[in-house]
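Written out below as structure tokens is the structure these notes cover.
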Amino acid sequence: MRKEQKKQAEEFLTVLAEAHTEIKKHLQKKALSGARELLQQCQQGAIRLGSLIESIEGEECITVHYLEEYCETVYQIYEEITQNQSAESGSIYKRLHRKQLRVANSVKNDIPLHREIVFLPYKASMWDSLESIWRAADEDPDCDAYVIPIPYYDRNPDGTFREMHYEGDQYPQDVPVTRYEAYDFEKRRPDMIFIHNPYDDCNYVTSVPPFFYSRNLKQYTDCLVYIPYFILGEIEPDNEQAVKGMEHFCTAPGVIHADKVVVQSEKMRQIYVDVLTRSAGKDTRKYWEEKILGIGSPKTDKVLNTKAEELDIPEEWKKILEKPDGNRKKVILYNTSVSALLHHDKRMLDKMQSVLQTFYESREDIALLWRPHPLIKATIESMRPQLWAEYEKIVENYREQCWGIYDDSAELDRALVISDAYYGDPSSLVELCKSVGIPVMIQNVEADTES
């Protein structure tokens, strides 16, 4: 039984106990018609409760049996009052109270609490930030876990919504997906909702529908949990300059509205607490300390639990990954980020072309796996539209030549597991690589673009 349903059952049984007291008063005053009317109402309410419990827990539930006994007692008392005008009020009250108390104890102790948890990813490639938690919930027999991918919109330069995307068909085959239109949040009121998009209407590149903003979701659950889809570089809490550079992550709407926030480490938790306390006032520190949890990122769990032999490697990839003699090439994961492109503009495109040329010349021994940030296309179109044609041409040429792998799939863990090293922009992917032992080298845009 769900928490809200159990609460309603307990509240009804409290009302039932109060009705018994009123029945006793009516009998003491010889107001028999009033007593009979209350008895009818008690029986009707008990029947409705029994039907609800039976529909959820099954007809074998002992609580249903106790409610049937209660209804039989109510019927007997009703008949006694009708036939005996001088029915003893104290004895009747005790009989009703005994049966009601037995039902109340059974609701409390015999009916297990069943939780309903909803996971709301929007980018399939970011599902790894929630997956290990979903798997634990899915294996719990006392929990119903729903994965409900939500759509998102690209934004025009003026902030208006443009194209809508829905990636519900890109999740692992063993992850059952529920369509977002098919789940009634107001009616079902899940016990917990997990999100990994904290920005609400503050993202200039994309936006989920306003219904799924954290400030709105909060009203439909007792516990809204935010887990970042990224891993940040670890910094010391007393490094003021470094902390200032990440304050916007700490104060995003999802952090503010969530009931719990899970971050990657205890140091990161301390930074979140310090930043939020400075923002909201020193008397709020205890609140943030209880709300922010530094228990680690599920993204690391996903990579560490992925076995290379279980991966589904496309045939066209295998041709690139293997040498003619069957030996495996070294695989370099090349990551290009949104922030680097926004910062360097055209120079970043020149750098990308230079990098691709370098790896092309080494293609006999090294396989390049280019994995751009999943929002890079939407970012260019929204914030640097003048660069889009050239960027698209670079991607098209690379894909057509088929000497390297272009990976824009949702399976980040696959790319990490088959890669021997990372090369590319500073990003949350760098920290993920470090956490699982993949060597990292950061590209320098200036190195190939100086005239």
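The values are calculated or read from the model by the stated rules, or taken from the named source; none is laboratory data. Quick caveat: nothing in here was measured; it's all calculated off a predicted structure. Glycine also receives a Cβ, built like all others from the backbone with ideal geometry; neighbour counts cover every protein chain displayed. Ligands, DNA and RNA are excluded from the accessible area calculation, which covers all protein heavy atoms including side chains. Shrake-Rupley method; radii C 1.70, N 1.55, O 1.52, S 1.80 Å.
The single condition among (1) within 30 Å of Ser409 (Cα to Cα); (2) buried (at least 18 other Cβ atoms within 10 Å of the Cβ) that His114 does not satisfy is (1). The requirement of being touching a residue at least 40 places away in the same chain (Cβ under 8 Å), under 21 Å from Ile320 (Cβ atoms) and basic (Lys, Arg) is satisfied by Arg414.
Just give me the residues in the stretch 99-111 being of a type in the set (Val, Ile, Thr) and either outside any helix (DSSP H, G or I) or surrounded by fewer than 16 Cβ atoms within 10 Å (Cβ to Cβ) (or both), in sequence order. The one that is of a type in the set (Val, Ile, Thr) and either outside any helix (DSSP H, G or I) or surrounded by fewer than 16 Cβ atoms within 10 Å (Cβ to Cβ) (or both): Ile111. Note on the stretch 183-212: among residues that are among the hydroxyl-bearing types (Ser, Thr, Tyr) and surrounded by 21 or more Cβ atoms within 10 Å (Cβ to Cβ), the one that is nearest to Leu113 (Cα to Cα) is Ser207. Across the stretch 379-398, not a single residue is classified as within 24 Å of Ile313 (Cβ to Cβ), of a type outside the set (Ser, Thr, Tyr) and either buried (at least 19 other Cβ atoms within 10 Å of the Cβ) or at pLDDT below 90 (or both). Does any residue of the stretch 187-198 turn out to be out of contact with any strand residue (DSSP E or B) (no Cβ under 6 Å at 6 or more places or on another chain), touching a residue at least 12 places away in the same chain (Cβ under 8 Å) and not charged (D, E, K, R)? Yes, the stretch 187-198 contains at least one residue that is out of contact with any strand residue (DSSP E or B) (no Cβ under 6 Å at 6 or more places or on another chain), touching a residue at least 12 places away in the same chain (Cβ under 8 Å) and not charged (D, E, K, R). Residue count for the stretch 155-182, restricted to those that are of a type in the set (Ser, Thr, Tyr), open to solvent by less than 50 Å² (accessible area, probe 1.4 Å) and in a loop (DSSP other than H, G, I, E, B): 2. Scanning the stretch 390-413 for residues that are within 19 Å of Ile376 (Cβ to Cβ) and within 27 Å of the chain's Cα centre (by Cα) yields a total of 6. When Arg155 is tested against (1) within 20 Å of Phe230 (Cβ to Cβ); (2) under 18 Å from the mean Cα position of the chain (by Cα), only condition (2) is not met.
Take the conditions (1) touching a Pro at 6+ places or on another chain (Cβ under 7 Å); (2) touching a residue at least 40 places away in the same chain (Cβ under 8 Å); (3) within 30 Å of Asp158 (Cβ to Cβ); Tyr226 misses just one of them, which is (2).
Suppose the filter is of a type in the set (A, V, I, L, M, F, W, C), open to solvent by less than 10 Å² (accessible area, probe 1.4 Å) and over 20 Å from Glu131 (Cα atoms); does Leu224 pass it? It is false that Leu224 is of a type in the set (A, V, I, L, M, F, W, C), open to solvent by less than 10 Å² (accessible area, probe 1.4 Å) and over 20 Å from Glu131 (Cα atoms). Against the list (1) in contact (Cβ under 8 Å) with a residue 24 or more places away in the chain; (2) more than 30 Å from Ala410 (Cβ to Cβ); (3) open to solvent by less than 60 Å² (accessible area, probe 1.4 Å), the condition Ser279 fails is (3). State yes or no: is Tyr75 open to solvent by 20 Å² or more (accessible area, probe 1.4 Å) and out of contact with any strand residue (DSSP E or B) (no Cβ under 7 Å at 6 or more places or on another chain)? Yes, satisfied.
Within the stretch 227-244, the residues that satisfy the criterion of being over 26 Å from Val303 (Cβ atoms) and exposed (fewer than 15 other Cβ atoms within 10 Å of the Cβ) are Asp238, Asn239, Glu240, Gln241, Lys244.
Yes or no: the stretch 205-215 includes at least one residue that is modelled with pLDDT of 95 or more, hydrophobic (A, V, I, L, M, F, W, C) and under 26 Å from Glu4 (Cα atoms). Yes: one or more hits. Restricting attention to the stretch 1-14, report how many residues are free of Cβ contacts under 8 Å to residues at least 12 places away in the same chain and not polar (S, T, N, Q). Count: 2. Screening the stretch 209-316 for helices (runs of 4 or more DSSP H) wholly inside it with 3 or more residues that are of a type in the set (Val, Ile, Thr) and farther than 17 Å from Ser428 by Cα returns the ranges 266-280. The residue that is most open to solvent (accessible area, probe 1.4 Å), counting only those in the stretch 317-350 that are part of a loop (DSSP other than H, G, I, E, B) and without any contact (Cβ under 8 Å) to a residue 40 or more places away in the chain, is Pro324.
Is it the case that the stretch 123-140 has a residue that's open to solvent by 60 Å² or more (accessible area, probe 1.4 Å), within 30 Å of Gly254 (Cα to Cα) and acidic (Asp, Glu)? So far as the stretch 123-140 goes, yes, one or more of its residues are open to solvent by 60 Å² or more (accessible area, probe 1.4 Å), within 30 Å of Gly254 (Cα to Cα) and acidic (Asp, Glu).
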